[in-house]
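**Student:** Quick one: the structure is below, and I'll ask about it shortly.
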Amino acid sequence: MNLVPTQYRNVSVADVPVALVPDSLRSFLLGRPVYRRTRYIVARHGGASAVVEVTKESEVPLFSPVTEMSVLAGPDETAFVDAADTDTAVPTQLARVAAEQAPGARCVIVRGRYGHVSFILDPAPIRIRVVEVVPPWPPKLADQLSRVLDLAEDLPPVELVPHVVDLDELAATRPAPHYLFPCRAGQPAQERAPVEVSYLDEIPERAPWTLVGCARSRSIHDWFYGGDVPMVDMCPRKLAESDATPAAMPVITKCCLLEDRVSSEAGLVVVPWGASMAQIREGLRLALTAAVAADPVP
């Protein structure tokens, strides 16, 4: 499953004068010269398409005759989609097009950006759960993961499954007349009058508030104010660990107690709160490793 050519230069598109059935395609292709980088041929006839894998006599000369071929997907299980904004070198983008525009097809051929053509066979993107808090909007971690995946030519197709916790709703689980949030980026989506809101990074004058924060927020609060404070824990890592949803997929979340590394244990990947894109990519790789370990390919 999830077969995607490693490079779109491995894919040739050809209109053929024969029916798209194995015997006819074999008779037409065997012995015909093809470009040395060609491994797959998108054969088209009468508006239909099939995908063929070929073996050549040699990959040294510029062109070499086909010695073996097999039909990977026939016209009855193949869809051809035009998606001009899709980079066909990126597996996740191909899988997204397949799910949105040809969900019933076993093989989806995509003509995308720059007119490049590639395909995905038996799309089954690996699902990764993303536990995040909002605001800010869009959910930053999910957005960063999406941005990495949109350029990840060397990663398998991934489907992100966001689990977004609204801080306004989380705070409401402990009703209070005054809340203290870590910063304005953590401002509730809807401030409920007459609820008062302050922000820890502004070091306001001490008040009888309820802190909506995490262990680091609590430490900062204790540094400036000392004493006890009622608290609603908003740490995404804690939320992920307490999530009652069955662990059917790896989870990526974040924690401000991690400052310069990425942690992975038992399918839970944690990146720093202010993770760089390189750390986000590392987290993705660890989550994919966990997914493969949990469901190895026979």
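**Student:** Taking the 0 to 90 degree range and rounding to the nearest ten, how far is the long axis of helix 91-101 tilted relative to the main principal axis of the chain, both from C-alpha atoms?
**Tutor:** Helix 91-101 and the main axis of the chain meet at about 80 degrees.
**Student:** Whole-Hz ³J(HN,Hα) for each residue in region 255-263, computed from phi via Karplus 6.51 cos²θ - 1.76 cosθ + 1.60 with θ = phi - 60°, x for glycine and proline: what do you get?
**Tutor:** 7, 6, 6, 8, 9, 9, 8, 10, 10
**Student:** Okay, next question. Compute the accessible area per residue over region 91-148, keeping the other protein chains in place, probe 1.4 Å, unit Å².
**Tutor:** 40 Å²
**Student:** May I ask you to evaluate 6.51 cos²θ - 1.76 cosθ + 1.60, the Karplus curve with θ = phi - 60°, for each residue of region 72-80 and list the ³J(HN,Hα) values in order in whole Hz, giving x for glycine and proline?
**Tutor:** These are the phi-based 3J(HN,Hα) values: 7, 8, x, x, 6, 10, 10, 10, 10 Hz.
**Student:** Below 8 Å between Cα atoms, with a sequence gap of 6+, how large is the relative contact order for the chain in percent?
**Tutor:** 12 percent
**Student:** A further question on this structure: Among LEU155, VAL229, PHE119, whose Cα lies farthest out toward the positive end of the dipole of the chain, if unit charges sit on the beta carbon of Lys, Arg (+1) and Asp, Glu (-1)?
**Tutor:** Of the candidates, PHE119 comes out farthest on the positive side.
**Student:** Continuing with this model, one more query. Around VAL197, which amide H atoms from residues at least 5 apart in sequence, or from another chain, sit under 5 Å from its own amide H, with H modelled in the peptide plane?
**Tutor:** Amide H to amide H, under 5 Å and 5 or more residues apart or across chains, VAL197 pairs with TYR179.
**Student:** Compute the long axis of helix 215-224 from its Cα atoms, compare it with the longest principal axis of the Cα atoms of the chain, and write down the angle in degrees, 0 to 90, nearest 10.
**Tutor:** For 215-224 against the chain, the angle is about 30 degrees.
**Student:** On to the next question. Put a dot 7 Å past each Cα toward the Cβ at LEU170 and ILE203; how far apart are the dots in nm?
**Tutor:** Result for the modelled spin labels: 2.6 nm.
**Student:** Once label points are set 7 Å from the Cα along Cα→Cβ at both HIS116 and ASP154, what is their separation, rounded to one decimal in nm?
**Tutor:** Reported label-point gap for HIS116 and ASP154 is 1.6 nm.
**Student:** I would also like to ask the following. Measure nothing fancy, just the Cα-based angle from helix 277-294's long axis to the longest principal axis of the chain, in degrees from 0 to 90, nearest 10.
**Tutor:** 70 degrees
**Student:** Dipole of the chain, Cα-centred, from +1 at each Lys and Arg C-beta and -1 at each Asp and Glu C-beta, to the nearest 20 debye?
**Tutor:** The dipole magnitude comes to about 700 debye.
**Student:** Let me ask another. So what's the gap between the Cα centers of region 50-127 and region 258-298, to the nearest angstrom?
**Tutor:** When both Cα centres are located, 29 Å separates them.
**Student:** Still on this structure, I have one more. What percentage of all Cα-Cα pairs in region 1-124 are separated by more than 20 Å?
**Tutor:** 39 percent
**Student:** From the protein chains alone at 1.4 Å, what is the descending order of accessible area for TYR8, TYR179, TYR114, largest first?
**Tutor:** Reading off the accessible areas and sorting them downward yields TYR114, TYR8, TYR179.
**Student:** What FRET efficiency would be calculated for the residue pair ALA19, ALA266, taking the C-beta separation as r and a Förster radius of 51 Å, to the nearest 0.05?
**Tutor:** 0.45
**Student:** Can you give the net charge of the other residues whose Cβ lies under 14 Å from the Cβ of ALA294, counting K and R as +1 and D and E as -1?
**Tutor:** Here the count lands on 0.
**Student:** Next question, about the same structure. Given a 1.4 Å probe and every protein chain left where it sits, what share in percent of the accessible area of the chain is carbon and sulfur?
**Tutor:** Reported share for carbon and sulfur atoms: 52 percent.
**Student:** Check the straight Cα-Cα distances from LYS238 and name the aspartates and glutamates below 18 Å, setting aside those fewer than 8 residues away within the same chain.
**Tutor:** Of all the aspartates and glutamates, those that pass the test against LYS238 - Cα under 18 Å, at least 8 places apart if same chain - are GLU132, ASP166, ASP168, GLU169, GLU259, GLU265.
**Student:** Can you give the accessible area of SER219 in Å² (nearest 10), computed on protein heavy atoms with a 1.4 Å probe?
**Tutor:** Per-residue accessible area (SER219): approximately 70 Å².
**Student:** Could you check what % of the DSSP bridge pairs in the chain are antiparallel, to the nearest 5?
**Tutor:** Antiparallel bridges: around 40 percent, rounded to the nearest 5.
**Student:** Okay, next question. Just to make sure I understand: if all protein chains stay in place, what is the order of GLU205, GLU259, GLU77 by accessible area at 1.4 Å, largest first?
**Tutor:** Highest to lowest solvent-accessible surface, that is GLU205, GLU259, GLU77.
**Student:** Taking Rg/Rh (Cα atoms, Kirkwood Rh) straight from the coordinates, which label in (1) 1.16; (2) 0.96; (3) 0.98 is the correct one?
**Tutor:** Checked against the structure: label (1).
**Student:** Over every pair of different alpha-carbon atoms in region 1-67, take the mean of 1/r and invert it; report that Kirkwood radius in Å.
**Tutor:** After inverting the mean inverse Cα-Cα distance, the result is 12.3 Å.
The values are calculated or read from the model by the stated rules, or taken from the named source; none is laboratory data. The shown structure was predicted, so the numbers you read here are calculated from the model rather than taken from an experiment. Please note: Cβ atoms are built from the backbone with ideal geometry, for glycine as well, and neighbour counts cover all protein chains shown. Protein only, heavy atoms only, side chains kept; ligands, DNA and RNA dropped before computing areas. Shrake-Rupley method; radii C 1.70, N 1.55, O 1.52, S 1.80 Å.
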